[in-house]
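The structure appears below as structure tokens.
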Amino acid sequence: MKGRDVELRIEADEEAAAKIVAGLLAEAARAGEEIVLTGGSTPGRAYELAAELQTDWGEAGAWWGDERCVPPGDPNSNFGLAERTLLGKLETKPRIHRIHGEDDPAAAAAAYERELRGTTLDLLLLGLGPDGHVASLFPHSPGLEERERLVIPAEPKLEPYVERITLTPPALRAARRIVFLVAGEDKAQAVARALAGPIDPAVPGSVIRAESGETLAVLDRAAAAGLRD
């Protein structure tokens, strides 16, 4: 099924959706690709399954689309989530490119941009918030207008209210393949607006599409409930 510039894959439930994305992650790891991870409970399950499917990620690179400004061991850290559910379960870890959320946000963003520049991101995983946000780009965020920088600090717009660091639209759109993973009926309206509606800064998910590659959305039936055939 096709949405606005998006291939839609609708699965029966959250577990089935996580399995599809786990397979994509494992395939990318085997191919030695540069993989961008995200936060959230549904991606966490996909990470667990991906670690079972492919235990050797030694040829791949792991990046993050955004991070909260907390130490890596903090329960709110996106890196920490990946460490618990994926990285810590692997026989061979990928090259890890971590956003240093414990550092000054501006300095950490600048350092991550220097690390990222010149890298082609092969598989970029994104969630979608009930408000339509992606990474740490929230509705009407100034970051949505960014055209030059690849990484910027971002103000928190929902709990936990800690500062964040996020990839910008130019960095996200440059990925060869973008995969949205979304589950739950609380996301249904955001899914419909982000994937089938017009481009709208009130719905950041509508702004992010792979410019020269493909964009796939893996949804469970609850999240897809607002979409029409």
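The values are calculated or read from the model by the stated rules, or taken from the named source; none is laboratory data. Keep in mind the model is a prediction, meaning the values are calculated, not measured. Positions of Cβ are generated from backbone atoms using ideal geometry, with glycine treated the same way; all protein chains shown enter the neighbour counts. Remember, those area values only see protein heavy atoms, side chains included, never the ligands or the DNA or RNA. Shrake-Rupley method; radii C 1.70, N 1.55, O 1.52, S 1.80 Å.
Tabulated data for the structure shown
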{"read-out": "Unmet criterion (only one of (1) farther than 20 Å from Gly127 by Cβ; (2) in contact (Cβ under 8 Å) with a residue 12 or more places away in the chain) for Leu87", "value": "(1)"}
{"read-out": "From the options Ala188, Ala171, residue that is part of a helix (DSSP H, G or I), farther than 26 Å from Asp220 by Cα and at pLDDT 95 or above", "value": "Ala171"}
{"read-out": "Condition check for Pro71: closer than 21 Å to His97 by Cα and outside any helix (DSSP H, G or I)", "value": "yes"}
{"read-out": "Any hit, segment 155-162, residues being in contact (Cβ under 8 Å) with a residue 24 or more places away in the chain, surrounded by fewer than 21 Cβ atoms within 10 Å (Cβ to Cβ), among the β-branched types (Val, Ile, Thr) and closer than 16 Å to Asn78 by Cα", "value": "yes"}
{"read-out": "Unique match (being more than 26 Å from Glu14 (Cβ to Cβ), outside any helix (DSSP H, G or I) and at pLDDT 95 or above) among Ile165, Ile178", "value": "Ile165"}
{"read-out": "Among the candidates Ala18, Ala29, Ala62, residue that is under 18 Å from the mean Cα position of the chain (by Cα), in contact (Cβ under 8 Å) with a residue 24 or more places away in the chain and more than 29 Å from Ala110 (Cβ to Cβ)", "value": "Ala18"}
{"read-out": "Options Asp56, Asp74, Asp5: the member that is open to solvent by 10 Å² or more (accessible area, probe 1.4 Å), modelled with pLDDT under 95 and among the acidic types (Asp, Glu)", "value": "Asp5"}
{"read-out": "Identity of the residue in segment 83-112, assigned to a helix (DSSP H, G or I) and touching a Ser or Thr at 6+ places or on another chain (Cβ under 9 Å), that ends up farthest from Ala51 (Cα to Cα)", "value": "Ala109"}
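Every residue, every condition in (1) free of Cβ contacts under 8 Å to residues at least 40 places away in the same chain; (2) closer than 13 Å to Glu14 by Cα; (3) open to solvent by less than 20 Å² (accessible area, probe 1.4 Å), yes or no:
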site: Glu185; (1), (2), (3): no, yes, no
site: Gln189; (1), (2), (3): no, no, no
site: Ala192; (1), (2), (3): yes, no, no
site: Ala196; (1), (2), (3): no, no, no
site: Pro201; (1), (2), (3): no, no, no
site: Gly205; (1), (2), (3): no, no, yes
site: Glu214; (1), (2), (3): no, no, no
site: Ala223; (1), (2), (3): no, yes, yes
site: Gly226; (1), (2), (3): yes, no, no
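Residue by residue, here is whether (1) crowded, with 18+ Cβ neighbours inside 10 Å; (2) at pLDDT below 95; (3) part of a strand (DSSP E or B) holds:
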{"position": "Ile10", "(1), (2), (3)": "no, no, yes"}
{"position": "Ala18", "(1), (2), (3)": "yes, no, no"}
{"position": "Leu24", "(1), (2), (3)": "yes, no, no"}
{"position": "Ala28", "(1), (2), (3)": "yes, no, no"}
{"position": "Val36", "(1), (2), (3)": "yes, no, yes"}
{"position": "Gly39", "(1), (2), (3)": "yes, yes, no"}
{"position": "Arg45", "(1), (2), (3)": "yes, no, no"}
{"position": "Ala51", "(1), (2), (3)": "yes, no, no"}
{"position": "Glu67", "(1), (2), (3)": "yes, no, yes"}
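Matching residues to (1) surrounded by fewer than 18 Cβ atoms within 10 Å (Cβ to Cβ); (2) in contact with a His (Cβ under 8 Å, 6 or more places away or on another chain):
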{"site": "Gly80", "(1), (2)": "no, no"}
{"site": "Arg84", "(1), (2)": "yes, no"}
{"site": "Ala111", "(1), (2)": "yes, yes"}
{"site": "Thr119", "(1), (2)": "yes, no"}
{"site": "Asp122", "(1), (2)": "no, no"}
{"site": "Pro142", "(1), (2)": "yes, no"}
{"site": "Leu150", "(1), (2)": "no, no"}
{"site": "Leu167", "(1), (2)": "no, no"}
